[in-house]
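Below: one structure, written as structure tokens.
The values are calculated or read from the model by the stated rules, or taken from the named source; none is laboratory data. Note that this is a predicted model, so its numbers are computed, not measured. FYI the Cβ positions are ideal-geometry reconstructions off the backbone, even for glycines, and counts take in every protein chain you see. Calculation scope for accessible area: heavy atoms of the full protein, side chains included, ligands and nucleic acids excluded. Shrake-Rupley method; radii C 1.70, N 1.55, O 1.52, S 1.80 Å.
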Amino acid sequence: MVKIENLNKFYEIDGQKQYVLNAINLNIQKGECVILKGVSGSGKTTLLSIIAGLDKPSSGKVLVDGEPISKLPDMHLSSFRAQKIGIVFQNFNLLDGVSLADNAMVPLIASGIGLKEAKLKAQDALKLANIDHKANKTPIELSGGEKQRGAIARALVANPNLILCDEPTANLDRANSLSFIQTLKELHNMGKTIIVATHDSLFEELDFEHRVVEISQGSLVGRG
Amino acid sequence: MRNNSFFYFLTLNLLKEKRRFVGIVLISTLLIFLLSSVLFISSSIKHTLNQTLIAQPDFIVQNIKGGRVSPIKDEQVDKIVDIFGVKKVTKRVYGRYFFDDKYSALIIGVDFLDEQSNKKLAKIMDSVDLKSFLSKDNMLVGQGVLNYLKSHYYTSNYNFLTPSGQMQKVNIFKALNVKSSLLSNDIIVMPLELAQKVLGLKENELTDIALNVPNDSEWANIKAKLESLNFSTRVVTKKDMKKAYENLFNYKGGLFLVLYLIVIATFSLLLYLRYSLASSLERKEIAILRAVGWSIKDVLKLKFLENIFLVIFAFVLGSSLAYIYVFILGAPLLKDIFLGGANLKQFTTFTPVVDYSVLSTIFIVFAVAFLGSVLIPVWKIAVTEPKEAL
Amino acid sequence: MNELFLNNYVIVYLFSEAVLFLIALYAFFKDISILRFWDFNNFSSKQLKLEKQSYLLSTIATFIFTLKLTLLIYFVYMIDSLSIIIPGAMCGAGVISANSYGMSLLFVKLITIFTFLLFLTLNNLDLKAKNYPLLKFKSWVLLAGLLLIFLETYLDIAYLFNIDLSVPVSCCSALFGNLEGANPLPFGLDIKMLLILYYTLFVSIILSLLLDNKLLTAVTLILFAVISYYAVVYFFGTYIYELPTHKCPFCMMQKEYYYIGYFVWGTLFSALFFGLIWVIIGLLKYESKVLKRITVTSLVLFVSLCSAYVLYYYFKNGVFL
Ligand SMILES: Nc1ncnc2c1ncn2[C@@H]1O[C@H](COP(=O)(O)OP(=O)(O)OP(=O)(O)O)[C@@H](O)[C@H]1O
Ligand SMILES: [Mg+2]
């Protein structure tokens, strides 16, 4: 599903190359659940955003579902992202002033889908994320856990195969975090490929099949 | 459109952001209102003038003495009738009569027995009993004249003072009621011979002679023939008059428009700055859209439709308000500025004419300025990196 | 400076052209840098910036195209309305021939619109592919379009500033009317031959479109456009005016004729432009059914409209003009 070969990412600061990601090689199979572990600043978010096509690598090759994602023109990259990748952000990133139902619809809109169909799909996704009872509420009216369910619904609405989560539990209390892990398990059982970047210790005791990949100062620790 | 999710989101976004747009829409509406009002007024006046021109003859033959128009002898009429291709040769007697320093009216003499007279007058005369009208020295007066006479206690007749110092008593027969407000208010219609007396013309003298030439391509030819009739003859064509009207209003309208474009340029600059200073919140929202799968093209589409909607909204609002202001309220304030205080009474109301060319002029000026100035800032927001959402 | 520059239409027209000129100038430099530095296989931030700039350019091109099209109609309307203040002119024909720049300006306007339409089509194809295959080509086309805008701006100024309001111009009957003995038609054609050519070429275009023959389509289309110009001015126009001596490409755009001229010329140019673009992208190995359909539709509309005027006159009066 995800194939990364010799990936480098550096920022040039005062003419000096500062490597954020260094010679990363990683292979993730379809249906796998990967926990990307590492301290703050180790490069988890950067790696995740390169896999999602939100950021470009400095060199190297990234294939997602067979597509060379870092070399796709914007139009193709965007529609690929809309259809194949669902992202759950650390701070949820819902649109303010827009109801959860409409928020969940956003990824579908760009593909030119009809309004009725989009609304139905959003409704289904909200149900899947267990938040359909708050469909008409805007983000301000919701708690952190509820916002996150909304964000999950949005990530699932186009029925993508790859789900990327960046610090999904950082803004949640323990109960909500556990419930998130429960949702993750359901997604895993549905056969989705999942990558979670986190330093939350809760993810160390998952009760379903997963792989832990550790990243430190931009390099993977051990075998990828 | 109804089932289009993109438009649904667009309206959602517009409603959500309405507070951000209020200022821009208000200023835009005001600017459009201003331009629309001025253009509506000038096109209405032009229309009214052209309307009266339609009824005007193609050619007017005048006598020039010392560089000024002076009465023309009526034997010229016979010579003109003989020119091949000339139709509807009409003797015309008219002139201004000053009731006092401030008020004057146009006296029009009509040869009532001549069926070739002005079409418009024929319409007026429909409701007048010609026999009793011609039996005495009678006149028809416009509403403005009637009001003036009433306020000076002349209810049944008026004594005109002719240039030779004699009094000429004329009865007020009836008030005129004509659609074209430009003509109707301050005119007096009376039989030709009576008008000659009041205006101090001799019996064989006319103000000018009007004629028509149905075949356009004969115009130049006939104009030359007319001019060669007499050394002191001047020929004015309908096109000359049209051009004179056109230029008259172009001066005022054009100067206004140039000033207006300077205001618009300032507005564009402000708009450019306003859009360039996109809030971090707005950037974040675009980044989110981009992150969940919107392409740069989609965002550009959203943002441009948003702005096009603003332009259309302000345009419809501004021009409708201007319509109400000019044609229903009669353009208070602006009328005084535009007409410069002269001949004000002629335009109590404006005939509502709004043609495509005026509307498209307003729209083009505004849309070019507005969209042109937000073009680059909007693009800058649209290419926000999606990773800013993380 | 004269009364012309106080005319509302002229002021608004010049203002819009000036704004477009400034935007085109900006786009010109951006386009140059794309032509110079574009390297799709590079990961550098410079390349990323250029990719974003290419979106700016297509946005600007869309803006320019839309406005130029609107302004062309506005310009023709303006020219017609100026006939009031220009001595001798009865319609746009006299005004546009007030000096030698007028016709060139109109011609350049048409080519500019064609170039931008071509760019937008290429851009669409380019964005659909995964590796910007048409980037260099479309950028050159854009460059040509921008240069045409500069030329147009020059001609705008040259034309409007050189109209002398004291010198009478010719009216359309003098410009297009039959001069004694002289045949105004090209290649020594007479009206009958002109019409035979007109309808033959029409059928040939349809056939070559159906056969997907690019070269034949291009040749017949261009010939047809030329023949159509004469056919409309010297034959079909007289049926629009219902007057055998009235020969003018401009008068039919007046209100008296229900602005039908805009539609007549619009469908002709739509067929010509979309047809040629279909040929050009065909040579680049792209197929477009939509373009073909637009071409055929415009062509059929144009020919039926012209013919309808003749038939209508015949049924009404029982004779031809
Ligand atoms: N635009 C940039 N310019 C320079 N350095 C950057 C830039 N963006 C990120 N970095 C650096 O890249 C490194 C990795 O950042 P990243 O966000 O991937 O870390 P992370 O593992 O997600 O950390 P956290 O757990 O705090 O979210 C950091 O040291 C950061 O300073
Ligand atoms: Mg992070």
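Is the range A:133-210 rounded, prolate or oblate when judged by the Cα gyration tensor, a ≥ b ≥ c being the square roots of its eigenvalues, rounded requiring a/c under 1.5 and prolate requiring a/b larger than b/c?
The shape class here is oblate.
Based only on Cα atoms, what Rg/Rh ratio does the protein assembly as shown have, Rh being taken as Kirkwood's radius?
1.11
Using only the Cα atoms, work out Rg/Rh for chain A, with Rh taken as the Kirkwood radius, to two decimals.
0.97
5 Å is the cut-off here: which amide hydrogens, built 1.01 Å from N in the peptide plane, fall below it relative to residue A:213, excluding neighbours closer than 5 in sequence?
Placed amide hydrogens put A:35, A:36, A:37 under 5 Å from residue A:213.
Gap in Å between the Cα centre of the range C:269-321 and the Cα centre of the range C:91-146?
Between the Cα centre of the range C:91-146 and that of the range C:269-321, the gap is 21 Å.
With a ≥ b ≥ c the root eigenvalues of the C-alpha gyration tensor of the range B:1-107, is it rounded (a/c under 1.5), prolate (a/b larger than b/c) or oblate?
Since a/c reaches 1.5 and a/b is larger than b/c, the shape of the range B:1-107 is classed as prolate.
Enumerate the amide H contacts of residue B:176 below 5 Å, restricted to partners 5 or more residues apart or on another chain; note that Pro and chain-start residues carry no placed amide H.
Residues meeting the criterion, in which the H sits 1.01 Å from N, are B:141, B:142, B:143.
What is the Cα centroid distance between the range B:64-98 and the range B:1-36, reported in whole angstrom?
That distance is 60 Å.
For each pair in A:3/B:284; C:130/C:292; B:18/B:284, compute the distance between the two Cα atoms and list the pairs where it is over 20 Å.
A:3/B:284; C:130/C:292
Which value, in Å² rounded to 10, gives the accessible area of residue A:190 with a 1.4 Å probe and all protein chains present?
100 Å²
Can you give the helix-only mean residue ellipticity at 222 nm for the protein assembly as shown, where every DSSP H stretch with n ≥ 4 adds -39500 (n - 2.57) and the sum goes over all residues, rounded to the nearest 500 deg cm²/dmol?
-18500 deg cm²/dmol
What is the range B:201-345 by shape, rounded, prolate or oblate, if you read a ≥ b ≥ c off the alpha carbon gyration tensor as root eigenvalues and call it rounded for a/c under 1.5, prolate for a/b larger than b/c, and oblate otherwise?
Since a/c reaches 1.5 and a/b is larger than b/c, the shape of the range B:201-345 is classed as prolate.
Would you kindly derive the ³J(HN,Hα) couplings of the range C:97-111 from the backbone phi angles with the Karplus curve 6.51 cos²θ - 1.76 cosθ + 1.60 (θ = phi - 60°), listing them in order in whole Hz, with x for Gly and Pro?
These are the phi-based 3J(HN,Hα) values: 9, 4, 8, 6, 7, x, 5, 4, 4, 4, 5, 4, 4, 5, 5 Hz.
Give me the angle, in degrees from 0 to 90, between the Cα long axis of helix C:135-161 and the longest principal axis of the Cα atoms of chain C, rounded to the nearest 10.
That helix lies at roughly 40 degrees to the long axis.
Once the Cα atoms of helix A:115-128 and of chain A are each reduced to a long axis, what angle between those two axes, in degrees from 0 to 90 to the nearest 10, is obtained?
80 degrees
I need the peptides C:31-38, B:57-64 ranked by packing, meaning the mean over residues of other C-beta atoms within 10 angstrom, with the highest value on top.
B:57-64, C:31-38
Within 10 Å of each Cβ in peptide A:68-80, how many partner chain Cβ atoms are there on average? Round it to a whole number, please.
6
For residue C:255, which aspartates and glutamates qualify as cross-link partners when the Cα separation must be under 13 Å and same-chain residues fewer than eight apart are set aside?
B:355, C:80
For the range B:59-212, state what percent of all Cα-Cα pairs lands in each successive 5 Å bin, counting from 0 Å until the bin that includes the largest distance.
Percent of pairs per bin, in order: 2, 9, 17, 22, 20, 15, 10, 4, 1, 0, 0.
Give me D for chain B in µm² s⁻¹, whole number, from Stokes-Einstein with Rh from the Kirkwood sum over alpha-carbon pairs, 25 °C and 0.890 mPa s.
Roughly 96 µm²/s, to the nearest whole number.
If I take all pairs of Cα atoms in the range C:3-172, what percentage of them are more than 21 Å from each other?
51 percent
Would you calculate the volume per residue, in Å³, of the smallest convex hull containing every Cα atom of the range C:28-77?
Looking at the range C:28-77, the number lands at 64 Å³ per residue.
Mind checking which lysines have their C-alpha under 25 Å from residue B:136, skipping anything on the same chain fewer than 8 residues away?
In chain and number order, the partners are B:91, B:119, B:120, B:123, B:150, B:169, B:174, B:197, B:202.
Determine which lysines satisfy two conditions relative to residue A:134: a Cα distance under 20 Å, and not lying fewer than 8 residues away in the same chain.
A:116, A:119, A:121, A:147, B:16
Compactness ratio of chain C: Cα Rg over 2.2 N^0.38 Å, N = residue count?
1.11
What list of ³J(HN,Hα) couplings, whole Hz, do you get for the range C:7-13 from phi and the Karplus terms 6.51, -1.76, 1.60, once you set θ to phi - 60° and write x for glycine and proline?
Working through the residues one at a time gives 6, 3, 4, 5, 4, 5, 4 Hz.
With a 1.4 Å probe and every protein chain left in place, tell me how much accessible area residue B:240 has, in Å² to the nearest 10.
70 Å²
Across the Cα atoms of the range C:178-317, what radius of gyration and what greatest pairwise Cα-Cα distance (Dmax) are found, in Å?
Cα only, the range C:178-317: 15.9, 51 Å (Rg, Dmax).
Rank-order C:110-121, B:228-239 by packing density, defined as the average count of other C-beta atoms within 10 Å over each peptide's residues, highest first.
Listed from highest to lowest mean packing, they are C:110-121, B:228-239.
Run the 1.4 Å probe and let me know the accessible area of residue C:300, rounded to the nearest 10 Å².
Surface open to solvent at residue C:300 totals about 60 Å².
Going down the table (C:46/C:68; C:68/C:192; A:30/B:297; B:88/B:238; A:17/B:387), which pairs top 26 Å between alpha carbons?
C:46/C:68; C:68/C:192; A:30/B:297
Only bridges whose two residues both fall in the range A:2-222 count here: according to DSSP, what percent of them are antiparallel, nearest 5?
Counting DSSP beta bridges with both partners in the range A:2-222, the antiparallel share is about 50 percent.
Filter the DSSP H helices in chain B by two things, a Kyte-Doolittle mean of at least -1.0 and an axial alpha-carbon span of 24 angstrom or more, and list the hits by number.
B:18-55, B:238-276, B:296-323, B:356-382
Within 10 Å of each Cβ in peptide C:51-59, how many partner chain Cβ atoms are there on average? Round it to a whole number, please.
Mean shielding by partner chains, rounded to a whole number: 6.
Using heavy-atom solvent-accessible surface (probe 1.4 Å) with all chains present, what is the largest-first order of B:174, C:192?
The most accessible residue leads, giving C:192, B:174.
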